[in-house]
Every structure is written in C-alpha cells, then in structure tokens.
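Visitor: Here you go, one structure.
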Amino acid sequence: QVHPVESGGGLVQAGGSLRLSCAASGSDPNINAMGWFRQAPGKERELVGWLTNGGTTRYADSVKGRFTIARDGAKNTVYLQMNSLKPEDTDVYYCSAMKIYNDYEYVYYYWGQGTQVTVSS
C-alpha cells in the first residue's frame, strides 16, 4: 500500500501562488505515477495532473500553464506548484498514487485526506 499525506494548503489571493506537498510512504507494484485531483464536497472529482515514474507529466486544460507537478525522489515527496491562482481553483486538493495506462487513462489507487486551498477574489 501507498500512503500519501498532503500539506501546504491555505488561503491566497487571486493571482498568487501556493505549493502543496505530498509525502508518500509504502509501495505497490501497480503504481506508476503520483498525481493530484481536487474535489469539493458534493461535486465531482476533477483530475489536476500527474507525474509518471518516467517523468512524463499531464495536466488538465484548466490548470495547464499555471500548475506544475515535480518530485524530490530523495524525500519521496511530490509537489504541486500552483501559480496565477483563480477563485475557481478553490477546492480540496488530494494527492494520489495512480496507475497510468495507454498514456491517458488512469486509476486512482490511493489518496490522502486532502488539503484545502481557498483563493479569494
């Protein structure tokens, strides 16, 4: 099993930046990527993006060019750098250990408890 733990959420003004961290422990041979999704209570889950073990990244169109996923392998930590934040980015952000297949299909295997990001206008 993999256990992701998110941190770094908070309140930021529109146009500002925030960096989320995800410390992951454990292992699962099915996992080949770490990613992020966001979900508000009562709303559908929305993929933010992922970073594969091979270094390939994919992002949702809504965050492309503003968000970046990076990894510090020595610390088993994945980061989500969020720039030019908008009020519509307000959500609970979850780090997830994922399986990516056929380049674009994915399954969330494990995720953390989430961290709240609030962007004020």
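Visitor: Which of the following residues is open to solvent by 30 Å² or more (accessible area, probe 1.4 Å), in contact with a Gly (Cβ under 6 Å, 6 or more places away or on another chain) and in a strand (DSSP E or B): Tyr94, Tyr108? Can you show your working first?
Guide: Working: Tyr108 fails: in contact with a Gly (Cβ under 6 Å, 6 or more places away or on another chain).
Going through Tyr94, Tyr108 in turn, the sole match is Tyr94.
Visitor: Follow-up. Would you please list the contacts, defined by Cβ atoms under 8 Å and residues six or more apart or on different chains, that run from a residue in region 15-32 that is basic (Lys, Arg) to a residue that is open to solvent by less than 30 Å² (accessible area, probe 1.4 Å)?
Guide: Taking only residues 6 or more apart or on different chains, the pairs are Arg19/Leu80; Arg19/Met82.
Visitor: Which condition does Lys75 not pass, out of (1) open to solvent by 50 Å² or more (accessible area, probe 1.4 Å); (2) of a type outside the set (Gly, Ala, Ser); (3) closer than 25 Å to Glu105 by Cβ, if it passes all the others?
Guide: With (1) open to solvent by 50 Å² or more (accessible area, probe 1.4 Å); (2) of a type outside the set (Gly, Ala, Ser); (3) closer than 25 Å to Glu105 by Cβ applied to Lys75, the lone miss is (3).
Visitor: If Asn102 passes every condition in (1) within 19 Å of Gly55 (Cα to Cα); (2) surrounded by 14 or more Cβ atoms within 10 Å (Cβ to Cβ) but one, which one does it miss?
Guide: Here Asn102 clears every test but (2).
Visitor: Same structure again: Under 7 Å by Cβ, and 6 or more places apart or on different chains, what pairs join a residue from region 58-73 that is under 8 Å from Val48 (Cα atoms) with one that is in a strand (DSSP E or B) and open to solvent by 50 Å² or more (accessible area, probe 1.4 Å)?
Guide: That search, which allows pairs on different chains as well, returns Ala60/Glu46.
The values are calculated or read from the model by the stated rules, or taken from the named source; none is laboratory data. Source: prediction; values computed, not measured. Cβ coordinates were reconstructed from backbone atoms using ideal geometry, including for glycine residues, and neighbour counts include every protein chain displayed. Protein only, heavy atoms only, side chains kept; ligands, DNA and RNA dropped before computing areas. Shrake-Rupley method; radii C 1.70, N 1.55, O 1.52, S 1.80 Å.
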